[in-house]
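Report on the following structure.
The values are calculated or read from the model by the stated rules, or taken from the named source; none is laboratory data. Small disclaimer: the values here were computed from a predicted structure and weren't measured. FYI the Cβ positions are ideal-geometry reconstructions off the backbone, even for glycines, and counts take in every protein chain you see. Calculation scope for accessible area: heavy atoms of the full protein, side chains included, ligands and nucleic acids excluded. Shrake-Rupley method; radii C 1.70, N 1.55, O 1.52, S 1.80 Å.
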Amino acid sequence: MGGTWAGVRERVLALRKAPRWWAVFGADFPDHGHNFELLPVLTEEQLGAVERRLGTELPEEYRTFLLEVGAGGAGPYYGLFPMKPPGPDTPPATGHCALPFRPELSAELDEHMCAEPRGTDGQDDDTFAATYAAWDARHDELLDAVTEGTLCISDQGCAYYSLLVVTGPLSGTMWDDIRALGEGVAPVEPRGRTGHVSFAEWYLDWLDHAERRAWDETTEPPPRLKFASDRT
């Protein structure tokens, strides 16, 4: 195997033996820490079944990751969600991923939030209730629509998520789902340059940082968190 992902699976799995593996955020949490484990890779047949279910071809860097590194597991934040091939009991996809990605909807959502109806403009109760219901319905529509054309691939914690754009000219770039703030989606910001961050850049940047932190024995590490499951 050569190219972008050459040696990456081996590098990730080696971190399980690093002296400070637990100091990497997201690795050492009961129930949802990734523990520097990776799922087996997908076959071309399995990946094709995934794409048919989603209704769109996945970006090349993510496709090759699933074929050469793993179908989920260790990665930024709490790791990558599993990408499982559909089975006989798998429900049909919603078609959400196959829709066009429209980043401009985040600005529309922000404007819509600023226009939330207030009960101070002289409207009677029934008129205000109808006005607010219409605003609220559009708010729900926008909250759902801002993630169309994306695949949610990672949980950042606190109801934030990492999204991979899978349709349109921005396909293959990484975005943050910040709807928990009442906002939409925002592009992951690259270090030291402008533009967008691709999936490979996002993942490999995390891996470089994880290796530095996990193997570093020259500085004092942060205290290791203690969980109820650790205590006897």
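A count restricted to region 82-92 and to residues that are under 18 Å from the mean Cα position of the chain (by Cα) and open to solvent by less than 80 Å² (accessible area, probe 1.4 Å) stands at 2.
Of the strands (runs of 3 or more DSSP E) entirely within region 116-202, those holding at least 2 residues that are in contact with a Leu (Cβ under 8 Å, 6 or more places away or on another chain) occupy 150-157, 160-165, 174-177.
Is it true that Glu44 is over 22 Å from the mean Cα position of the chain (by Cα) and free of Cβ contacts under 8 Å to residues at least 12 places away in the same chain? No: the conditions fail for Glu44.
Of all residues in region 29-50, those satisfying the criterion of being surrounded by fewer than 18 Cβ atoms within 10 Å (Cβ to Cβ) and over 21 Å from Arg63 (Cα atoms) are Phe29, Pro30, Asp31, His32, Asn35. Can we say His34 is closer than 24 Å to Ile178 by Cβ, free of Cβ contacts under 8 Å to residues at least 60 places away in the same chain and not in a loop (DSSP other than H, G, I, E, B)? Here the answer is no, as His34 does not meet what is asked. What's the total number of residues in region 93-125 that are among the hydrophobic types (A, V, I, L, M, F, W, C), surrounded by 12 or more Cβ atoms within 10 Å (Cβ to Cβ) and farther than 16 Å from Thr147 by Cβ? Number of matching residues: 1. The set of residues in region 147-177 that are under 19 Å from Phe29 (Cβ atoms) and without any contact (Cβ under 8 Å) to a residue 24 or more places away in the chain comprises Cys158, Ala159, Tyr160, Tyr161. State whether the residues of region 64-75 include one that is in a strand (DSSP E or B) and touching a helix residue (DSSP H, G or I) at 6+ places or on another chain (Cβ under 9 Å). Within region 64-75 (the criterion being in a strand (DSSP E or B) and touching a helix residue (DSSP H, G or I) at 6+ places or on another chain (Cβ under 9 Å)), the answer is yes, since at least one residue qualifies.
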